[in-house]
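Scroll down for the structure; my scribbles are underneath it.
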Amino acid sequence: YRGKRLISGVFTNLVYQFNENLILSGGLKFERNNQRVTYDTNIAKSSEDGPSEIDRSYVLPSINLKYNFNENSIFRIAASQTYTFPQFKETAPFKYQDVNFSSQGNPDLKPSENINFDSKYEYYFSSSELVSLTGFYKYIQNPIARSEIPSGGNTLTYLNVGDDASIYGLELEARKNILKSDDEVENEYSLNAGLNASVLFSNVNLDPNSVAQFGDKTSSQLEGATPFLMNADLTFNKKYAENELTTSIVFNYFSDRVYSIGTRGFENIIEKGIPTLDLVSSLRLGKKYSVKLKATNILNPDFQLSRDSSTSTNNIVLNDYKKGVNLSLGFSYDF
């Protein structure tokens, strides 16, 4: 298959400062988006099938309001309209073999249109220390989601699963300097921590006219939308003369989320939530030498896909595997 996308557009933006604390910016963008995917596969019904072509024009407004309570605290409100086009692979009807499932594109996919709202409060303890809380809401028309094709080979496809979907939640971000040296020239060191966590609620209203697809099921969580997500990091930096050591520990966790929306009487396929832990350390010796140590997926959790069960508390495990721990050690020399 061959995919081509051409985006052309113009935009205008206005920034108006009411006073030293209140700033309003607004914009308007016109975009023309043409996507054409041609294909020749043995899955196509005939030689006349295709290409898959989407040709749309959009008028996309956006507005941002920023208010400074003082030099340390800021409040922001933002609203915008955007769109989401399907990927080339999602529209070309050939089988793509993945690790867990094979997938097949849908040439009849329509793009999604999104309305976005955000409000955010930020408080800065210093130039590198902050805490912020964000509330967000997204309304999606013609949402695209991974779903299933009735087959014996675990084949997935992509559908406009309903007329609309909504996502809302809260996000917390914090950065803190735990330790910092007084000497910033000869023997500088620092220890910094960061945290980003979000709670998210999603709902897609499944197509009520597609009884053959979804049966009596009228709603679902949106595919890929994680109800809880957390990222945390701890970084130590030490400088001495021309040498520098930087070590970071990064922890990530996402809770159980929908991998594929079930059809034809089947429940959703659920991707099990997992924690991951990575370590990256680099040592620069002078101006030419450096050593880098990297260890990823240290906890080596089980990656598991299971079929949700409406009749019992135990899901049916479809796939269960480990990725293993990756260790690498590198040396470099700059000429």
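Okay, here's what the table says:
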| item | result |
| --- | --- |
| Calculated from backbone phi, Karplus (6.51, -1.76, 1.60) coupling profile of region 64-71 in Hz, x at Gly/Pro | 9, 10, 10, 10, 9, 5, 7, 5 |
| Å² per residue, accessible surface of region 57-151 at 1.4 Å | 52 |
| Point-to-point label distance, Asn319-Leu245, nm (Cα→Cβ direction, 7 Å offset) | 4.1 |
| Most fluctuating residue given options Gly265, Gly224, Gly135, as computed from a GNM of the chain linking Cα atoms under 10 Å | Gly265 |
| Percent carbon-and-sulfur accessible area, the chain, ignoring ligands, DNA and RNA, probe 1.4 Å | 53 |
| Stretch gain in nm, segment Arg76-Leu22, where the contour uses 0.36 nm per residue and the Cα spacing is subtracted | 18.4 nm |
| Entries in Lys4/Lys138; Lys272/Lys323; Lys4/Lys89 that, when Cα-Cα distance is taken, lie over 23 Å | Lys4/Lys138 |
| Region 53-207 - Rg over Rh from alpha carbon coordinates, Kirkwood radius | 1.14 |
| Measure of compaction for region 208-300 (Cα Rg per 2.2 N^0.38 Å) | 1.81 |
| Whole-number D in µm² s⁻¹ for the chain, Kirkwood Cα-pair radius fed into Stokes-Einstein, 25 °C, 0.890 mPa s | 102 |
| Rh by Kirkwood over Cα pairs, then Stokes-Einstein D for region 54-125 at 0.692 mPa s and 37 °C, µm²/s | 206 |
| Per-residue HN-Hα couplings for region 81-97 [Karplus 6.51, -1.76, 1.60; θ = phi - 60°; Hz; x = Gly/Pro] | 10, 9, 9, 10, 8, x, 6, 4, 5, 7, 10, 8, x, 10, 7, 10, 8 |
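The values are calculated or read from the model by the stated rules, or taken from the named source; none is laboratory data. All of these numbers come straight from a predicted model, not from anything done at the bench. Reconstructed Cβ throughout: ideal geometry from the backbone, glycine too, with neighbour counts over all protein chains shown. Remember, those area values only see protein heavy atoms, side chains included, never the ligands or the DNA or RNA. Shrake-Rupley method; radii C 1.70, N 1.55, O 1.52, S 1.80 Å.
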